[in-house]
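Please treat every number below as a calculation from the coordinates, not as lab data. Given the structure is predicted, the values throughout are model-derived calculations rather than measurements. Cβ: placed from backbone, ideal geometry, glycine included. Neighbour counts: every protein chain shown.
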Amino acid sequence: MTNSMNRQTTEPFTAEQWQAGEHQLVCVEKWHETHDVISFRFQGVKPVKFHFKPGQFLTLLLEVNGEKIGRSYTISSSPSRPFSIVLTVKQIEGGKVSHYLANNLDVGHVVRALGPDGAFNLIDIDADKYLFLSAGCGITPMYSMSRWLADTQISPDIAFLHSAKSTNDLIFKQSLEQMADRSDQFKLNYLLETLDNEPCAYVDAEAGRLSADNLQRLVADFHSRTVFVCGPEPYMVAVKALLGSLNFNMAQFNQESFGAFNGDTATSNKTSESNDKAGFMLRIGNSSRKLSAKQTVLEGIEAEGLPIIAACRSGVCGACKCKVLEGQTESSSDMSLTADEIAQGYVLACSTTLNSNVTLAL
């Protein structure tokens, strides 16, 4: 991360279209959404119009205390407002990266980023009526989607249920309420664990978490809607089980699988050697390591101390893409790879194990 405000000055309408790949972004604004959530607004070091699908994410390529780390964050702004891009970060207790960003990333600093990526978005998922279900910082893709729909459609049919601890923990509160105030078709409700005396017309009067009774009472036509879910992993598991119990058509259910990864926790670059006699050899250049059936290619690469960015570690962001030159592998995810890349032998290291001895190129 560098400190530089020496950017090319160009009128916005001459800005180039932003393309997927690696970018240099400069922080131009930073503010608190809540007591523990901070938003960062970026522009391109060279002026660009940001082009992405509402709901997608970026992967920041950082160096924290000498360690190279990649972390992925949903873009909370909308592509309908293309001359800047916003990432919203919750500070996690004991979080390595979120606290680093909160304390060290300031206006004028330049960061490297990969993306945009992610299949959880409004362009790749077709819908006419929307039900957004979120908790905590899982609101970020829902906010981008809501902003996009409000900017590009006439009265989109949105039901939005957001769960939080209290009114002090409501992210994007003012902006969401403005969208709801302007449209009878935007039905916003906050479900709070603890009710307080803060006046808010959108706080449900019955404190508690999302339940069958709450869902049926607040969104009676939920069966006819396409559902988008994002939040902590226990929340998403509970919501999926809840909808299943209500005989919801799960073909209309979509969740941000990236939410399953706690991207802020520190992970060691060292992987213990397997004591299993079974396994296969992973060869990368002059390095080789035996991996057990359960160890991923990423674990082998990190154990050898070889350079690789691993942001989501859940087969979503695509940062750990590498190429199999020889041998057989098995992958649990290829969602960020194109058909051509798959045909050429590219895999996601975090989601790939060995079925034979393998030679790999980073």
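Observations
- The chain: relative contact order as a whole-number percent, Cα under 8 Å and 6+ apart: 14 percent
- For the listed residue pairs K96/K187; K90/K321; K96/K165; K165/K187, the alpha carbons are over 25 angstrom apart in K96/K187; K90/K321.
- Taking 0.36 nm per residue of separation and subtracting the Cα-Cα distance, full extension of the segment from D151 to Q19 would add 45.3 nm.
- Counting DSSP beta bridges with both ends in the chain, the antiparallel % (nearest 5): 65 percent
- Per the chain, cysteines lacking a partner by the 4.7 Å Cβ criterion: C27, C137, C200, C230, C320, C322, C350
- Computed on the range 1-160, with alpha-carbon pairs under 8 angstrom and 6+ residues apart, the relative contact order is 29 percent.
- Magnitude of the charge dipole, the chain, Cβ model with Lys/Arg +1 and Asp/Glu -1, debye to 20: 700 debye
- Under the criterion of Cα pairs below 8 Å and six or more residues apart, the relative contact order for the range 311-358 equals 49 percent.
- Correct option for Rg/Rh (Cα atoms, Kirkwood Rh) [calculated from the coordinates] among (i) 0.96; (ii) 0.99; (iii) 1.01: (ii)
- Near H223, once Lys and Arg are set to +1 and Asp and Glu to -1 for all other residues with Cβ below 15 Å from its Cβ, the sum equals 0.
- For the range 276-362, the fraction of C-alpha pairs farther apart than 15 angstrom is 51 percent.
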